[in-house]
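**Q** If you scroll down you'll find the structure; I have some questions about it.
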Amino acid sequence: MSRAKPEDDEYWNSSKYRAFTFEDDDDEFSRLKESKRAVNSMLVDDDEDDVEDVERVSWSGEPVESISWSVKETASSIRSGSEQGFPRIDTTPSLSKQGSGYSLSSLFKAFSESSVRAYAPELRRPRSDGKDFVSDLSLDETIRRMQKGRGFSLEKFRSLQDKLLLLDKAVSAHDGNVITAVLIYLKRSLSKEILFRELMSREVALRHYIHFLKETGEQKLLMDLLKALGRTEDMALMQYKEHLNIKDEGRRKDFLKSCLSLPFSQDDAAHVQDHYTLLERQIIIEEYDKKAVTDVFKKFPRKASILNMPIITTLYYSCFYHYGELEQSFKHKENIPALGARAKLRSWSDVDSLFNTKNWLGYTKKRSPIAFHRVVDILQKNSAPVQVLQDYVNLIDDPELKLSVALKYKCHDVIINTYRDLKDRQLLVSYRDKLEQDSPEYRKIQELLSNGQVRWKN
Amino acid sequence: MFISIYSPAPVVWHLQMAQTERRDAPGLPDFFQLKRLARDQLIFLLEELPGKKDLFIDADLMSPLDRIANVTILKQHEVDKLYKVELKPIVSGSDQLCFLIRPRIKTVKWISDLVNSDKTAGRFRRYKIIFTPQKFYAYVTTDEWNFYILPLDDDILSLELPEFFRDTFLEGDQRWMTTGGGALHLLQSVYGSFSKVYGIGRCAKMVYESWRELTEEGEQRTRQPEFAKVFLIDRDVDYVTPLCSQVVYEGLVDDIFRIKCGSVEFGPDVTSSDKSIKVMLTSQDQVFSEIRNEHFSNVFGFLSQKAKNLQTAYDKRRGMDIQQMKAFVADELKGLKQEHRLLSLHIGASESIMKKKTKQDFQELLKTEHSLLEGFETRESIAYIEEHINRQVSMIDSLRLLCLLSITENGLLSKDYRSLKAQYLQSYGMDHLLTFANLRQLGLLEEQQTGETLTVMESKVGKLVNDKTVGKLTDAFSSLAKKSNFRALSKRLALVPKYGEEYDLRVPRDMAYIFSGAYVPLSCKLIEQVLERDGWTGLEEVTRMLNGQEFAVTGL
């Protein structure tokens, strides 16, 4: 939306926003600091009566006698070995049918039980509705009982039509638990194909079913369902998500490789490819760096492994550790002056290889998953020599962007060449005037300007 | 009295502010009755398994439980040791195990595995499962502890259901609708019926239906209503507000330190010692209650003044004689020490907030947010977001900005979407591929659909529903996301105010002060309008832009 608005700064400094800025040198902030000093230095009388006032906290900061504190205490006492590791085998049968009636057998039998009979304790519910004989219940009644948590049986809904009516009734009751319960029954009593077909036109039920399958971890069935629905991208993402459960990086890498053939959207497919190749590279680096003992690693010990770090972080890491490392090893050689710039360039070959070698990304120097201007930013932050920066600046496609980055980092050659290509004499002149008079760049521009063959625009 | 049941975060500070201005509002009901009720019910359930027992608690139930029944009470009812539910083999020597859990399939599976392995080892034990707030369809006999509502403060109630948002809005699961209904029913039975109910949103409607059913079956109450009105609003009616950075004190504390279940943990940098401390942030904390809703710019001044007052109060003792001193120590000293302690903490917290926000270039962030809300200089905002991502400033904030951009602009241009997504993945990790898929599903971060109006989409979808042989469903059908109409809404409701003169944050004239005068929260404005009109008349255009589903009912 374009509006006639005053200049940026003016607008932002106008009355509306002057009230407060999050800037350190604010007057108010220094007043605060003063108050803090004042408060901290306030002398208080004897503290003996203090104990009840102050919330007693343990070393971990949890109030003593809180549940979290208690849980931690138990956990740490276990660790210190005070708790028995092996369960005692108690010969007294404590499993009796009296008492609460929540017998062990009913608890675990249920997961393998075929018929669906659920009973619920009536907690302080005064009346029974007299209808406890479940198989006579109508559709409405069944749903109502399910909503109330009373006993019910779905077995009597045998025909497909009945089952679908049941499902639709459950959906209209809006209770997610009831819908899921009916779906569990249908899952067991209908063929996969029929159930899928019927769910296609029942959006609410479908959503509940998908959620249920996700929660029970029935990956295969879920994939089948998504496939039947034609939701291929969702299928691919669900499958890809599994990588989060794989701890071992080698196996994770292999898993990612297997994901490459999944039906992702074009963009996502490229991202997954990058993910795989990045991890592959990180594994190699990690293997090598784990044992590294050169100075840079000693001076700046690694806080974490490089595995599974984002690309940008990996790049920073590589620049930092691998450039430094090679520079260290060069320091001990006598013929440093002779090697000079070339040696430095060579030391960057390791970083270079991140972009050049085919085995990393399968990309040649021409392409990279990260835009080259970002690469230049990162390299510059790691004090890469100008020559190296220029190489990468040259790889930036967009001419405007290329020029602005070159100007930012003073990559003279790139700038000069660009102005030359634009045949813009004036720009060249004004740029020359900013340079040192006897620098090579200055001379280069002079040469260009005196070159009769160039047809300047201006 | 406003209840917003759908915010996953329990803090509804802007509504509190509106509340205090209404002098005619009746006093607050005593919500701590709810705590007593919940506690009594829990004790009843625990006593159904007599004798010593170990108690396993779900991680996110631990804090709420602490507010209801602390360790002492549990021990009084023969709970021996406390464990956190951790989905791994247990180390407990007790013969009786009690599980207090949320209804999650994974947890129940873990328990059944546990029971089975005991059986295999020949170990005999008694087990009791208590689901809260309600049980789900489980194959086993279980109890439910209808602990629906936790009062977090005098005027804030929370359902404390962290999974609510994801289950309801991302997965489209309706399992929590009855929980909402149950909570309202509980409130009604304890505090009397409501005279009016307003609502907007698919879920609001379902919760209302569920509650109405419960009411119809239950006994009729003829108590004098303590609650006049209830407003039910779906979270997805207003995504914009939670995406904006908060600049009132309580909001900033939440932002930096994370307020959970009404309490927060302050580290050594705040306490100026080597210890961390966990404090409850409620109106019981007299320092906090005075600054919580203030714009951050007012906080320093306030705290300075309070510090001065405190010093003066302490200094009073100098001229005192023995009698006066005794009285002072007996009556005043305790209070002053308490205040001193709290003041010190909040000053420390403020300092910490200031440091962190300056470091993160907060000012620039706010500027960008305001631009997006206004729809002004969008390309510059996008450039800022790009830089934010490239600098790897904060995973969440980068995402917040992207979503804000998407909602205010009705989706990103395709080229922007792809470019920003790629940069995000490179900065923060490839597996955020999944994050982006989820956000798209929610309608929080999406690409602009080229030239499609609502009616075209509707007819497409309509056709598919009737055509059963078609196996493929479009994204529109399977997504619950609504089309965002923020710009139109903003104009219609005047959400982005234009002020002629200076906007005084110390004495704010309207709700926009929460965002430094830049934006009036949509949901709050909506509620204000509906209450003023006692219904939805005159707001037809607005409700249409919010995809309908509004209702207003008198007397339940």
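The values are calculated or read from the model by the stated rules, or taken from the named source; none is laboratory data. If you're wondering where the values come from, they're calculated on a predicted model, not measured in any experiment. Cβ placement follows ideal geometry from the backbone for every residue including glycine, while neighbour counts extend to all protein chains displayed.
**Q** When residues of segment B:493-508 are filtered for being of a type outside the set (Val, Ile, Thr) and either under 20 Å from B:GLU250 (Cα atoms) or assigned to a helix (DSSP H, G or I) (or both), how many remain?
**A** The number of residues fulfilling the criteria is 5.
**Q** May I ask you to say which residue of B:LEU405, B:LEU413, B:LEU433 is in contact with a His (Cβ under 7 Å, 6 or more places away or on another chain) and without any contact (Cβ under 8 Å) to a residue 60 or more places away in the chain?
**A** So the residue among B:LEU405, B:LEU413, B:LEU433 that is in contact with a His (Cβ under 7 Å, 6 or more places away or on another chain) and without any contact (Cβ under 8 Å) to a residue 60 or more places away in the chain is B:LEU433.
**Q** Right, something else. Which one is surrounded by the fewest Cβ atoms within 10 Å (Cβ to Cβ) among residues in segment B:40-49 that are at the interface with chain A (Cβ under 9 Å from one of its Cβ atoms) and of a type in the set (A, V, I, L, M, F, W, C)?
**A** Result: B:PHE44.
Yes/no per residue for (1) closer than 22 Å to B:PHE296 by Cα; (2) within 10 Å of chain A (Cβ to nearest Cβ); (3) in contact (Cβ under 8 Å) with a residue 24 or more places away in the chain:
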site: B:LEU333; (1), (2), (3): no, yes, no
site: B:LYS337; (1), (2), (3): no, yes, no
site: B:HIS370; (1), (2), (3): yes, yes, yes
site: B:ILE382; (1), (2), (3): no, no, yes
site: B:ILE396; (1), (2), (3): yes, no, no
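**Q** Out of the residues in segment B:217-234 that are over 19 Å from B:GLY182 (Cβ atoms) and modelled with pLDDT of 70 or more, which is surrounded by the most Cβ atoms within 10 Å (Cβ to Cβ)?
**A** The extreme case among them is B:LYS229.
**Q** In addition: Kindly indicate whether any position in segment A:255-273 is within 25 Å of B:MET395 (Cβ to Cβ) and more than 14 Å from chain B (Cβ to nearest Cβ).
**A** No: zero hits.
**Q** Here's something else I'd like to know. Looking at segment B:272-291, I want the residues that are at positive phi and have a partner that is modelled with pLDDT under 85 and in a helix (DSSP H, G or I) with Cβ atoms under 9 Å, at least 6 apart or on another chain. Which pairs are those?
**A** Close Cβ pairs satisfying both conditions: B:SER272/A:LYS36; B:SER272/A:ASN40.
**Q** Hey, can you tell me all the residues within segment B:512-544 that are surrounded by 19 or more Cβ atoms within 10 Å (Cβ to Cβ), outside any loop (DSSP other than H, G, I, E, B) and out of contact with any Lys or Arg (no Cβ under 7 Å at 6 or more places or on another chain)?
**A** If the condition is that a residue be surrounded by 19 or more Cβ atoms within 10 Å (Cβ to Cβ), outside any loop (DSSP other than H, G, I, E, B) and out of contact with any Lys or Arg (no Cβ under 7 Å at 6 or more places or on another chain), then B:ALA512, B:TYR513, B:ILE514, B:PHE515, B:LEU522, B:SER523, B:CYS524, B:LYS525, B:LEU526, B:ILE527, B:VAL530 are the ones that fit.
**Q** If we scan segment A:233-250, do we find a residue that is surrounded by 18 or more Cβ atoms within 10 Å (Cβ to Cβ), free of Cβ contacts under 8 Å to residues at least 60 places away in the same chain and among the aromatic types (Phe, Trp, Tyr)?
**A** Scanning segment A:233-250 turns up at least one residue that is surrounded by 18 or more Cβ atoms within 10 Å (Cβ to Cβ), free of Cβ contacts under 8 Å to residues at least 60 places away in the same chain and among the aromatic types (Phe, Trp, Tyr).
**Q** Suppose we filter A:ILE312, A:ILE284, A:ILE336, A:ILE306 for residues that are of a type in the set (Val, Ile, Thr) and at pLDDT below 75; which single one remains?
**A** Testing whether each residue is of a type in the set (Val, Ile, Thr) and at pLDDT below 75 leaves just A:ILE336.
**Q** Name the residue, out of B:ARG123, B:ARG104, B:ARG36, that is surrounded by fewer than 20 Cβ atoms within 10 Å (Cβ to Cβ), of a type in the set (Lys, Arg) and away from chain A (no Cβ under 11 Å).
**A** B:ARG36
Conditions tested, residue by residue: (1) among the small types (Gly, Ala, Ser); (2) assigned to a helix (DSSP H, G or I); (3) within 9 Å of chain B (Cβ to nearest Cβ).
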| position | (1), (2), (3) |
| --- | --- |
| A:GLU155 | no, no, no |
| A:ARG158 | no, no, no |
| A:ALA170 | yes, yes, no |
| A:HIS174 | no, no, yes |
| A:VAL178 | no, yes, yes |
| A:LYS187 | no, yes, no |
| A:LEU195 | no, yes, no |
| A:LEU199 | no, yes, no |
| A:ILE210 | no, yes, yes |
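**Q** B:LEU74: assigned to a strand (DSSP E or B) and under 22 Å from B:LYS35 (Cβ atoms), yes or no?
**A** no
**Q** Tell me which of these B:LYS52 doesn't satisfy, since it passes every other one: (1) surrounded by 19 or more Cβ atoms within 10 Å (Cβ to Cβ); (2) more than 9 Å from chain A (Cβ to nearest Cβ).
**A** Among (1) surrounded by 19 or more Cβ atoms within 10 Å (Cβ to Cβ); (2) more than 9 Å from chain A (Cβ to nearest Cβ), B:LYS52 violates only (1).
**Q** May I ask you to list the residues in segment B:432-452 that are crowded, with 17+ Cβ neighbours inside 10 Å and within 7 Å of chain A (Cβ to nearest Cβ)?
**A** Across segment B:432-452, the qualifying residues are B:LEU433, B:ALA437.
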